[in-house]
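These notes are about the structure you will find just below.
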Amino acid sequence: MKWLLKSPYAEKICFHVQYYEENGLPEGAIKGWWLEQLPGIEARNLRKFSRCVLNRASQRKKVGKQPYGTGTVAVYSTELFFTVMGGIDFLRQAGDW
């Protein structure tokens with residue numbers, strides 16, 4: 001994450017959180033917690049948070065386990081994608097010789 005924040009792709013970072021509303025924390029408190037935990041992430045990097053819906057079969061087993069939800073980091077950059085895939089391909093070919 002530190003490397004990504006120092007890279008030229010820092011502007012393209014998107015951060016998304018899924019959380020259970022039944023945990024009793026308001027979305028603002030959850031956003032504040034994530035911004036505190038990830039010092040390089042700014043409010044402009046946040047995307048709309050998603051509330052997970054409890055289904056009847058879960059019997060509320062997931063409530064309270066992750067009160068601040070689960071975060072996902074994404075970078076939407078075709079250039080970065082092809083750079084990473086090219087590096088993987090290079091390593092794959094280097095292993096064949």
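Laboratory data are not the source of any read-out in this text; all were calculated from the coordinates shown. Note that the structure is predicted; figures quoted are calculated from it, not measured. Counting neighbours? That spans all protein chains shown, and the Cβs are built from the backbone with ideal geometry, glycine included.
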Quick one: V53, V17, V75, V84, fewest Cβ neighbours within 10 Å first, how do they rank?
V53, V84, V75, V17
Within a Gaussian network of the chain (alpha carbon springs, distance under 10 Å), most fluctuating of K65, K31, K12:
K65
Provide the gained length on full extension for the span N23 to F90, in nm with one decimal, where the gain is 0.36 nm per separating residue minus the Cα-Cα distance.
19.5 nm
Sequence of W33, W3 once ranked by neighbouring C-beta atoms within 10 Å, starting from the fewest
W3, W33
Quick one: order C14, C52 by neighbouring beta-carbon count within 10 Å, fewest to most.
C14, C52
How tilted is helix 78-96 with respect to the longest principal axis of the chain? Cα atoms for both, answer in degrees (0 to 90, nearest 10).
60
If you place +1 on the Cβ of every Lys and Arg, -1 on the Cβ of every Asp and Glu, and leave all else neutral, what size is the dipole of the chain about its Cα centre, to the nearest 20 Debye?
460
Dipole of the chain (Lys/Arg Cβ +1, Asp/Glu Cβ -1, origin at the Cα centre): which of N45, G71, L5 lies farthest to the positive side?
G71
Can you give the relative contact order of the chain as a percent, counting alpha carbon pairs under 8 Å and 6+ residues apart?
43
As I understand it, the value is the acute angle between the Cα axis of helix 27-37 and the longest principal axis of the Cα atoms of the chain; what does it come to in degrees, rounded to 10?
40
Virtual spin-label span in nm between Y9 and E79, 7 Å along Cα→Cβ
1.2
